[in-house]
Every structure is written in C-alpha cells, then in structure tokens.
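The values are calculated or read from the model by the stated rules, or taken from the named source; none is laboratory data. Since the structure is predicted, the reported quantities are computational estimates derived from the model, not experimental observations. Cβ coordinates were reconstructed from backbone atoms using ideal geometry, including for glycine residues, and neighbour counts include every protein chain displayed. Areas reflect the complete protein model, heavy atoms only, side chains present, ligands, DNA and RNA absent. Shrake-Rupley method; radii C 1.70, N 1.55, O 1.52, S 1.80 Å.
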Amino acid sequence: MVDRSEGFGERLLGVLLDRAHEMPPQLIAPLVAEEIGRIGGRDISILLQDYEQLILTPLPGRSLAVGKPEPIDDSPAGTAFLRAMTVEQPQADGTRMYLPLLDGSDQVGVLAFTLDTVDDDDRRLLGRLAGLVADMLVTKSSYTDQFFQARRLEPMSVAAEIQWSLLPPLTMITPQVAVAGILEPAYNIAGDSFDYALNDDILHMVIIDAMGHDLDAAVLATVAIGAYRHARRADIGLADLYTFMDAAIHKQFGTDHFVTAQMMRLDIGTGHLQWVNAGHPAALLIRDRKVIQALESPGTLPIGFGGDIPQVSEQTLLRGDRVLFFTDGLVEEHETGGQQFGEERLIDFVESAHGNSVRETVRSLSHALMRERRGITTDDATLFLVEWCGGTADHLASIDI
C-alpha cells in the first residue's frame, strides 16, 4: 500500500500554500513569519534586491524584523543571494539562516531568520520553504506595488518605469544554457532593453537601443520589444523578424526614428548560434575567460530605416563559451574632454571580471565599469551575457519520489 500520510514538513508547506491562495499581498509577509515561527524561527526578515543590484532591502510588514539594508557585496545575506546558497551564521543565541529566494533560477531576495539549532531535516525543509516563499512573492507582486516600492532606494523616472515593466527575469539558468542581463542607470534607463524566450531547444534573444532619451526612447523601445515578441511567437526566421520589426517601427514613427538591435537564436542542443546585427556593437565571444573574437557580421541598417533583407551570421559555440552583448553606452561614454571608454578597456574588464555564474559576472562587470566611469551615465548602458553549457536536460523529466 502506498503511504500517503502527511508529515510535519508537508503539512507546514501545505498550510502555507493553502492559506496563500486568497491572501491579500500585504498579508503574505506576516503569513510567512507565522509559519516560520511554527518551527522555532525568530527575527524573520525578507530581503529584496534593489534595482541597482547593490543592496538587499528589508520588506516591511507585521511580524517581520525590519532592520537595516544589507550590502550585496559584503554580507552573509549578500553571499546567499549572489551564490544561490544557504548561509549559516553561528550566533550566541543560535544560528542565523540566510536562504536565497529563487523563483526558478531568478533570484528574488533572501529569507533570513534565527533558529536555536539546525539539522539536516531542517535544512531540507527550509530550502523548500524558501522556494515556496519566492514563488508567492513573485505571484503576489502582480497584484500590488508594495514589493516594487520596497526595492526602490531612489525616485524612478517614468521612462525607467516603462522599461522595467518590459523586462523578462534578469536571470535564467538551465542545465544547457544560462543568461543574465543588467541595465544602467537603473532608475533612469530609457531606450535600452533586452528580451529572451526558451522555446524547446531554441533560445531566442534580442538586445536593443532605441534612439533618443527619456520618455520618447522608452515608447520607441516598447514598440520594438512588442514587435519582436509578436514576430518571435509567429516562429519566423531572423531575417523576416528584422523585416517585421522594421515595418512596425517605420509605420508608427516614420523615417526619423530608429532602433539598433541584435537578434539571436541559439540551438541549445548543438551550440549553433545565428544572429542579425542591425547597427549594434559586435558581441564578444568569450572562451576560458578570454575574449577570443568579436562576432562581426555584414552591416544591416538599424530597425526603422527600411534596410534590405539582412544576412544571417552563424557561429558554432563550444561548451562553456560565453557571448557578451552590450549597447554602445558602455564603450562610447567619456568624461568631458576625455577619451571614450572604448572596447579595449571593456575587454580588459571582461577578462578580469569576478564571479563564476553569468549572474555574478555580469553584475560584477557592470558595477566595475560604472566605477571606472566615475558613475557617468549620459547614455543607457546594458549588458546581456549568455553561456552555452551543452548536453541534454532529459533527466529532469524523471522525478524520484
């Protein structure tokens, strides 16, 4: 006979899930705190990543210990967040636990609390609890502004508001491929954006830079991303996708507006990469932490100028290869009267960037570049990093119970 009895851990997670279904967003944090209290947890905090990816800021709420924001680069909470691992910090009255809140592979924040003692059964239950809490926060964020407000440490422009609402999760990690992106300046981004979708064995990607600044650029970027998604979901080739986006921009804005872009398709089973470059800086191919070449391609007019049918470029990746896409704001920025930052300096930073995961690497690189430019951001600057790992994910379809 199959044992269907309910253990303590299943009961705890089940109660949390059952109660959360119709719970209003403002009561999710108190609900989480109540359930953690049932296993002896205290001083409970939910820490969310701010938009600049520098700080973990506490979510306010009844029954939560709302302390100071935690720096991502130099704190136990930051270590748990960056490395997607549980961190245990011994204290005089027990053990402080920091658990990454993972929605899929996108990191939402960190769940922190103190327990008197911790054993392996606790660790297993708490890991599952943190995953459930992350899913709840992401789901309930669609119904409230409170979680977004907690993440904001500065006023955000209308253009940036639009751009952040367009973005997919900043990180996606699977056994075969990983992607991560970052936008600067976080609170004033306007014309830069990126998008991706994994459809069966094909990873579709785009990075764009809409002309202009502020709200005009954000509106142009919105139409470009919308046209890209519409064409991508029609499952057309890259050349036709370019033509569709070009027609959409031209019809809406005429000949005096344009968007530079790179549109890519990666077969995650074979490593076969295809792309169309429409007036964008060439991507960099990284192998063993060294930039081995720029992925040059025949010139195609920016989207909106009515260019000819573009040539699709191709490259076969090796396992572990990374491809870095970026907008021109990274390399063309300069201080008044000074030289541009330049691609050579970008390559130097790429090869010395810290971090093993794509997420750590792209974040480290973006912040290092921002420091090097002394925080100057007269134009948007966006990075999008892809790592092809190869292999198959068939084993994930079988689950042992």
Answer residue from segment 90-119, given it is open to solvent by 70 Å² or more (accessible area, probe 1.4 Å) and without any contact (Cβ under 8 Å) to a residue 40 or more places away in the chain and is nearest to Val177 (Cα to Cα) among those:
Asp119
Residue list for segment 19-59, filter: at pLDDT below 80 and either under 21 Å from Asp119 (Cβ atoms) or among the acidic types (Asp, Glu) (or both):
Glu22
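Tell me, yes or no, whether segment 262-274 has at least one residue that is of a type in the set (A, V, I, L, M) and open to solvent by 10 Å² or more (accessible area, probe 1.4 Å). Walk me through how you get there before you give the answer.
Step one: list which residues in segment 262-274 are of a type in the set (A, V, I, L, M), which gives 263-264, 266, 268, 273.
Of the ones still in play, those that are also open to solvent by 10 Å² or more (accessible area, probe 1.4 Å) are none.
No: zero hits.
Of all residues being acidic (Asp, Glu) and at pLDDT 65 or above in segment 312-344, which is surrounded by the fewest Cβ atoms within 10 Å (Cβ to Cβ)? Just the residue, please.
Among those residues, the one meeting the criterion is Glu344.
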From the residues in segment 184-241 that are part of a helix (DSSP H, G or I) and among the hydroxyl-bearing types (Ser, Thr, Tyr), which one is nearest to Gln274 (Cα to Cα)?
Tyr228
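Have a look at Gly14, Gly40, Gly9 and point out the one that is assigned to a loop (DSSP other than H, G, I, E, B) and not acidic (Asp, Glu). Explain how you work it out, then say what you get.
On the way: Gly14 fails: assigned to a loop (DSSP other than H, G, I, E, B); Gly9 fails: assigned to a loop (DSSP other than H, G, I, E, B).
Just one listed residue meets the conditions, Gly40.
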Conditions (1) open to solvent by less than 70 Å² (accessible area, probe 1.4 Å); (2) farther than 26 Å from Gly181 by Cβ; (3) free of Cβ contacts under 8 Å to residues at least 60 places away in the same chain; (4) of a type in the set (S, T, N, Q): number failed by Ser63:
(1)
Does segment 154-166 include one or more residues that are under 20 Å from the mean Cα position of the chain (by Cα), open to solvent by less than 80 Å² (accessible area, probe 1.4 Å), at pLDDT below 90 and aromatic (Phe, Trp, Tyr)?
no
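Looking only at residues in segment 120-169 that are assigned to a helix (DSSP H, G or I) and polar (S, T, N, Q), which one is farthest from Leu64 (Cα to Cα)? Steps first, answer last, please.
Initial filter on segment 120-169 (assigned to a helix (DSSP H, G or I)): 120-143, 146-151, 158-166.
Subsequent filtering for residues that are polar (S, T, N, Q) retains 139, 141-142, 146, 149, 163, 165.
On the way: Thr139: 20, Ser141: 18, Ser142: 22, Gln146: 15, Gln149: 17, Gln163: 31, Ser165: 28 Å.
Residue satisfying both the conditions and the ranking: Gln163.
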The one condition in (1) surrounded by fewer than 17 Cβ atoms within 10 Å (Cβ to Cβ); (2) in a loop (DSSP other than H, G, I, E, B) that Thr300 fails to fulfil
(1)
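I need the full set of residues from segment 284-296 which are open to solvent by less than 50 Å² (accessible area, probe 1.4 Å) and either over 18 Å from Ala239 (Cβ atoms) or among the aromatic types (Phe, Trp, Tyr) (or both), in order please. Even if it seems obvious, please write down each step before you answer.
Keep residues of segment 284-296 that are open to solvent by less than 50 Å² (accessible area, probe 1.4 Å), which gives 284-286, 291, 294-295.
Once the filter is applied, which keeps residues that are open to solvent by less than 50 Å² (accessible area, probe 1.4 Å) and either over 18 Å from Ala239 (Cβ atoms) or among the aromatic types (Phe, Trp, Tyr) (or both), segment 284-296 yields Leu284, Leu285, Ile286, Val291, Ala294.
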Some residue of segment 240-250 being under 14 Å from Phe305 (Cα atoms), surrounded by fewer than 19 Cβ atoms within 10 Å (Cβ to Cβ) and among the aliphatic types (A, V, I, L, M):
yes
